[in-house]
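> Sending over a structure as C-alpha cells; questions will come in a sec.
A short reminder: the numbers here are calculations on the coordinates, not readings from a lab. Bear in mind that the values here come from a model prediction, so they are computed numbers and not experimental data. Cβ atoms come from the backbone with ideal geometry, glycine included; neighbour counts cover every protein chain shown.
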C-alpha cells in the first residue's frame with residue numbers, strides 16, 4: 001500500500017502513541033496533527049513517517065530517528081531536534097523555523113553519520129581550521145577503527161577534545177596540525193604539539209609519531225602566547241591580538257563589531273596571510289590616529305559598519321568630525337567619496353549618494 005493511501009492516525013491514536021516512551025510513529029501517516037510544548041519526544045521513532053499539514057511547535061525530538069520520513073508541507077517551529085537522523089528524508093516543502101538542529105545528520109542530502117556531523121561542527125569552531133580537511137581526518141579514523149562505527153565515533157570525539165586542548169595551550173597550532181595533511185592518533189597529538197612548539201615541523205613530529213615517540217602521558221602547558229613564527233595561522237592570531245589591543249583603548253567601542261572588521265580586512269587582503277595582517281595594521285593605526293585627532297569619531301566609525309578601505313579611514317573621520325554622520329560617511333565610502341585621501345566639502349554633500 002502506498003504511503004499516501006494509508007489511513008491517517010486520529011488524534012486519539014496519536015495521543016495513545018504519545019503515552020508510551022519512546023514514541024513509535026514509524027511508517028504512519030500524520031495529517032493535520034497539532035502538537036505543542038507539552039510533548040517530549042526524545043529518542044522517538046519516525047522512520048518512514050509521512051507528515052501532511054502538521055504544525056508542531058516547541059517540542060523536543062533530540063536523538064530521534066527520521067530516516068526516510070516525508071515531511072511534506074508541515075511546519076516545525078522552535079523545536080529541539082539535536083542529534084537526530086534525517087538520512088533519506090524528504091524535506092523540500094517543509095518549514096523548520098528557529099529549530100535547534102545541532103549535531104543532526106542527513107539534512108539537505110547530507111549523508112554523514114551523526115558523529116561525523118558533530119566532529120565537523122566542533123572542529124570548525126577552532127580558529128584557522130580548514131573545513132575541507134575534515135573528511136580526510138574522518139577517513140583516517142574510519143580506517144584505524146576498521147569500520148567499527150562505535151569505536152569510530154569514540155575516536156572522533158577524542159580527536160576533537162585533543163585539538164581543543166592543543167589550541168588552548170598553543171593558539172594556532174591546532175589548525176596548523178589539522179591542515180597539514182598528516183594525521184595523528186588522539187594519544188599522539190599532545191606530544192606532537194609539544195614537539196612542534198620546540199621548533200620542529202609538523203612533518204618531523206609525524207615521523208616521530210610513526211616511531212611511537214609520543215605517549216598518553218604527554219602534558220600540555222596552560223598557555224603559550226607565541227609558538228610558530230613561521231605559521232600564517234599563528235601570525236594571523238598575533239596580528240588580530242594587536243588590532244584588538246589597539247581598538248580596545250577606544251572608549252565606547254562595541255566589540256560585537258570586531259568580527260566584521262576582521263572579515264573586511266581578510267577580504268581586502270585577498271585572503272592571503274600577509275595581506276590580511278597588513279590590513280589589520282593599517283586599520284589599527286588609523287583608529288589610533290582618529291582617536292587622537294577627533295574625539296568620539298573612532299568609536300562611532302567602528303560601531304556603525306565595517307565598510308572602508310584603509311586609505312579612506314582618515315578622510316572619512318575628518319568629514320564626520322566636521323558634522324557629518326557615520327551613516328552618511330559609510331554610504332559615501334561605497335561610492336568612492338574618500339578614495340582621494342581628502343574629505344569632501346560637507347556643504348556639498350547633503351545627499352551623499354546623488355553627489356557621487
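> If a residue must be part of a helix (DSSP H, G or I) and touching a residue at least 24 places away in the same chain (Cβ under 8 Å), how many such residues does segment 117-137 contain?
So the answer is 7.
> Can you find a residue in segment 290-305 that is closer than 16 Å to residue 254 by Cβ, surrounded by fewer than 19 Cβ atoms within 10 Å (Cβ to Cβ) and free of Cβ contacts under 8 Å to residues at least 24 places away in the same chain?
no
> Continuing with this model, one more query. Considering segment 269-289 alone, what residues qualify as being more than 13 Å from residue 250 (Cβ to Cβ), crowded, with 18+ Cβ neighbours inside 10 Å and in contact (Cβ under 8 Å) with a residue 40 or more places away in the chain?
276, 277, 280
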